[in-house]
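The values are calculated or read from the model by the stated rules, or taken from the named source; none is laboratory data. Because the structure is a prediction, the values reported are computed rather than measured. Methodologically, a virtual Cβ is constructed for each residue, glycine included, from the backbone with ideal geometry; neighbour enumeration extends over all protein chains shown.
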Amino acid sequence: MGVLLVIRVKAFVATLVIAASALPASTSVAQVPSDPTGLLASENVTLLTSLPNPGIIGARFRDGFMYTTSVAGLTVYDVSDPAAPAEVSRLPLPHFENEDVDLGGNILLISNDAAESTGILHVIDISDPGAPALLTSFQMGGNPISGGPGHTVSCMLDCRFAWVTDISGIRVIDLADPSQPVDKGIFESPAYGEAATHDVQVDGNGLAWVVGFGGAVAYKLPKGYTGDGLGKIVAQTDERGLSTYFEELGIGDGSNPNDFILHNSYRTRNSGVVYITEEDYTRPGCKGAGSFETWKVPVYKKGPKKGMPTGEQVTLLDQWATELNVAGAASPAAMCSAHYFDVRGKVVAQGWYEQGTRFLDVSNPADVRQIGYFVPPNSLNWAAYFPPTDPTGSIVYSFDASHGIDVLKLSLPGGKVRNAPTVKAAIRPEWFAESTVGTPTDLYGFACRLGLAGDLGLDEDTDPDLPPLPLP
Ligand SMILES: [Ca+2]
Ligand SMILES: [Ca+2]
């Protein structure tokens, strides 16, 4: 079964590499066209500008600068004017895919996934944002057959340590001397779930949440942490957090909270809720593909441990999925999953691959609802983030690997999320078309849809019974 996963990851990588290798040599990709038939956006979402950066994957912010990674390397932007990011530097560093670039102190980490070639940890000095400098490219091993380290790397304690996802757990790298990393070994986590860990996020209480096939597991690091282990488990999802993939192989109804893998998380300080992406792009259609989820974290209400998890099981509150993922039919070629998101107050902005950026109201975590959307044509959205330089929380950067960074403005009535009406996006007809993998588009000059149908052994020409298109 593990082999199937590796095969799938390889196919996923291969299709993106096909797309990336056909990228135009220059960054002359046009802005998202104003063609009203090509762009789906709710009335409260405006496109301010679009910055060409094809192959873009992720971002982090520090001191008025944004550090973005694409398959081509690192690009730094000055975001002191959040509505108009200005490029200040580039560090060419081809890699794949470093899903969740991270930084701390003067260090930024980029990883190369062993599932593509071999696991590499690139350590970069960002003390001068205008001239990021590669300190070392640390070899971690692994290969596309057996898998291995590097799908994501996360900074712990301001990048004093790197936590690298590595199949059964987390490989800890000591960065006391960032130019000479020291491998402390792999430490197993129940988030592995007999398949893989996926990422680590540090929450508002300093707890490190590891997510993967086995669910979500929060660790508390001991004082004076030395990198020998992952600390103490203080919270963990219940049995519903376990992946059902090996029982259903992507052909169940997709209603489980973990049909493939738990992908990334976000919890504010002392919160009784953790937000989690379920990533799932394994099914032949889009029904039940990856979702946004809220999970209840039992926390102490008072006393010295106030806000810390009690150790009771973390349980599902709600799941939200797009119109397409609910309606249930689409081309096997469509990438339907939820992906990385960010939170400002009670608003979540989430990248959703081909389904663009979705804005969700999480005021009531038991009843998540959509309050805005931005779906450009041929989208391949890896993430959406609120720039911290925008005190209003109305500007969102949408990281779309098909073309670059879309700078969006979300307007809320009276600035209050609860006043925003619930909205429903149309389903793009192109999602019902046959696979376009490898077929250059008129618009961008390259193919940006990732198809997995061939990998599943399905006939891409098979025409599923399509329901009429639901209109908003
Ligand atoms: Ca991370
Ligand atoms: Ca699902």
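Criterion applied to Asn106, Asn98, Asn44 was being under 30 Å from Pro429 (Cα atoms) and either modelled with pLDDT of 50 or more or buried (at least 18 other Cβ atoms within 10 Å of the Cβ) (or both), and the one residue passing it is Asn44.
For segment 275-294, state whether one or more residues are over 27 Å from Asn53 (Cβ atoms) and more than 16 Å from ligand 2 (Cβ to nearest atom). No, there is no match, as no residue in segment 275-294 is over 27 Å from Asn53 (Cβ atoms) and more than 16 Å from ligand 2 (Cβ to nearest atom). Summed over segment 366-383, residues that are within 8 Å of Leu40 (Cα to Cα), assigned to a strand (DSSP E or B) and not β-branched (Val, Ile, Thr) total 2. The residues on offer are Ser117, Ser111, and the sole one that is in a strand (DSSP E or B) and farther than 17 Å from Tyr192 by Cβ is Ser111.
Taking residues in segment 237-257 that are closer than 18 Å to Ala216 by Cα, and partners anywhere that are β-branched (Val, Ile, Thr) and within 16 Å of ligand 1 (Cβ to nearest atom), the pairs with Cβ atoms closer than 8 Å and at least 6 places apart or on different chains are Thr237/Val217; Ser243/Ile261; Tyr245/Ile261. Evaluated against (1) out of contact with any Pro (no Cβ under 8 Å at 6 or more places or on another chain); (2) closer than 22 Å to Thr226 by Cα; (3) not hydrophobic (A, V, I, L, M, F, W, C), Thr136 falls short on exactly one condition, (1).
On the stretch given as segment 316-360, residues that are more than 15 Å from ligand 2 (Cβ to nearest atom), under 22 Å from the mean Cα position of the chain (by Cα) and hydroxyl-bearing (Ser, Thr, Tyr) total 2. For segment 334-365, residues that are surrounded by fewer than 24 Cβ atoms within 10 Å (Cβ to Cβ), in contact with a helix residue (DSSP H, G or I) (Cβ under 6 Å, 6 or more places away or on another chain) and in a loop (DSSP other than H, G, I, E, B) total 2. Counting only strands (runs of 3 or more DSSP E) that fall entirely inside segment 192-268 and contain at least 3 residues that are away from ligand 1 (no atom under 16 Å from the Cβ), the qualifying elements are 232-236.
Looking at the structure I just gave you, is Ile261 closer than 24 Å to Asn98 by Cβ, in contact with a Gly (Cβ under 8 Å, 6 or more places away or on another chain) and among the aliphatic types (A, V, I, L, M)? Against the criterion (closer than 24 Å to Asn98 by Cβ, in contact with a Gly (Cβ under 8 Å, 6 or more places away or on another chain) and among the aliphatic types (A, V, I, L, M)), Ile261 qualifies.
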